[in-house]
Amino acid sequence: MTPKEARELSISLKLPDLIGTALEIQQAEIIRAEKLQQVPFFEAEWEMFMTEIENKDYYDNSLQLLKQSNVAEFWIKYRELDFWQLLKLFQ
């Protein structure tokens, strides 16, 4: 994903601006976009997403909490985790 694509996804999802150094923000924006690129699908298929959340015994608001994570260091530190593993961090 390019920096421009990452920024466009951040805007379309109304994600908060990242906090960190310029380099951290640049890295984190791409990582965050790659991790959250499935969110538009899940938001369109909300019932399916909520069923998956229930099956995994995650909190209903874990997606909202993940989307609001605006510290660049968080995204860099957890870049190896997949979408569902990141959601689990908010349990």
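Derivation of every value follows stated rules applied to the coordinates shown; laboratory data play no part. Remember, predicted model here, so these are calculated numbers, not experimental data. Cβ: placed from backbone, ideal geometry, glycine included. Neighbour counts: every protein chain shown.
Residues of the stretch 49-81 that are over 24 Å from Ser12 (Cα atoms) and hydrophobic (A, V, I, L, M, F, W, C): none at all. Of the helices (runs of 4 or more DSSP H) entirely within the stretch 1-77, none holds at least 1 residues that are touching a Lys or Arg at 6+ places or on another chain (Cβ under 7 Å) and exposed (fewer than 13 other Cβ atoms within 10 Å of the Cβ).
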